[in-house]
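Enquirer: My questions will all concern the structure given below.
The values are calculated or read from the model by the stated rules, or taken from the named source; none is laboratory data. Note that the structure is predicted; figures quoted are calculated from it, not measured. Cβ: placed from backbone, ideal geometry, glycine included. Neighbour counts: every protein chain shown.
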Amino acid sequence: MAIRATEIRKGMVLLHEKDFCLVLDYQHITPGNWRAIHQVKMRNLRTGSQVQLRLGSNDTVEVAYLEKHACEYLYQEGRDRFVFMNTDTYEQFQLPSDVIGESMRFVTENSPVIVVFHGQTPISVELPSSVVLEVVEAEHAVKGDSVSNIQKSAKVQTGLELRVPMHIQVGDRIKVSTENGEFISRAKEGE
């Protein structure tokens, strides 16, 4: 489906040069008494490279028709393949690491995820805004440091390394932002 450049929004997936591109940023620029320019910053979902587009108000782009399916992440196969299962049909499929990007730093085995499909082709993984992960490595805290705003390095079960407050210890479950990979809080019971 084709739309005008004025209808582009952040988060849309466009078909550009036969590749799927996720819109990362969109700006409407009106330089003086010239015609308006629409600056679109996108990421190619196949290669991971960034693409910049400059469009006029009457230019059109193709929007990709996408479906979302509830799936479960099963395991990693080799160094660059991740195996998922559609929870409705029990069909298993693989996604390469260059398509998923850094998303798998936040997903543990047997976790539910939303996988975005174009037709029968899986193209990306959609994550919630935050996830709960268990700390497997953390520096030791010195008594008295817990009252200040000092942070230490920690590693969670997926291999993600981040900065956490001094009171966090190995075995603690913490809430982590999937947007920037930063510590949010200690997870509450049942999360």
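Yes/no per residue for (1) more than 25 Å from Ile8 (Cα to Cα); (2) within 15 Å of the chain's Cα centre (by Cα):
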| position | (1), (2) |
| --- | --- |
| His38 | no, no |
| Leu53 | no, no |
| Glu62 | no, no |
| Met85 | yes, no |
| Val115 | no, yes |
| His118 | no, no |
| Ile123 | no, yes |
| Ser129 | no, yes |
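Enquirer: Let me ask something else. Do you know which of the residues in the range 4-36 that are under 25 Å from the mean Cα position of the chain (by Cα) and of a type in the set (Lys, Arg) is modelled with the lowest pLDDT?
Expert: Filtering first and then ranking leaves Lys10.
Enquirer: Another one. Inside the range 147-157, can you point out the residues that are at pLDDT 90 or above and part of a loop (DSSP other than H, G, I, E, B)?
Expert: Answer for the range 147-157, where residues must be at pLDDT 90 or above and part of a loop (DSSP other than H, G, I, E, B): just Gln157.
Enquirer: For the range 62-80, which residues satisfy the criterion of being surrounded by 13 or more Cβ atoms within 10 Å (Cβ to Cβ) and either assigned to a strand (DSSP E or B) or of a type in the set (Ser, Thr, Tyr) (or both)?
Expert: Val63, His69, Cys71, Glu72, Tyr73, Leu74, Gln76
Conditions (1) farther than 30 Å from Lys188 by Cβ; (2) assigned by TED's automatic domain parsing to the domain that holds His28; (3) in a strand (DSSP E or B), marked per residue:
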{"position": "Gly48", "(1), (2), (3)": "yes, yes, no"}
{"position": "Asn58", "(1), (2), (3)": "yes, yes, no"}
{"position": "Val83", "(1), (2), (3)": "yes, no, yes"}
{"position": "Val115", "(1), (2), (3)": "no, no, yes"}
{"position": "Glu134", "(1), (2), (3)": "no, no, yes"}
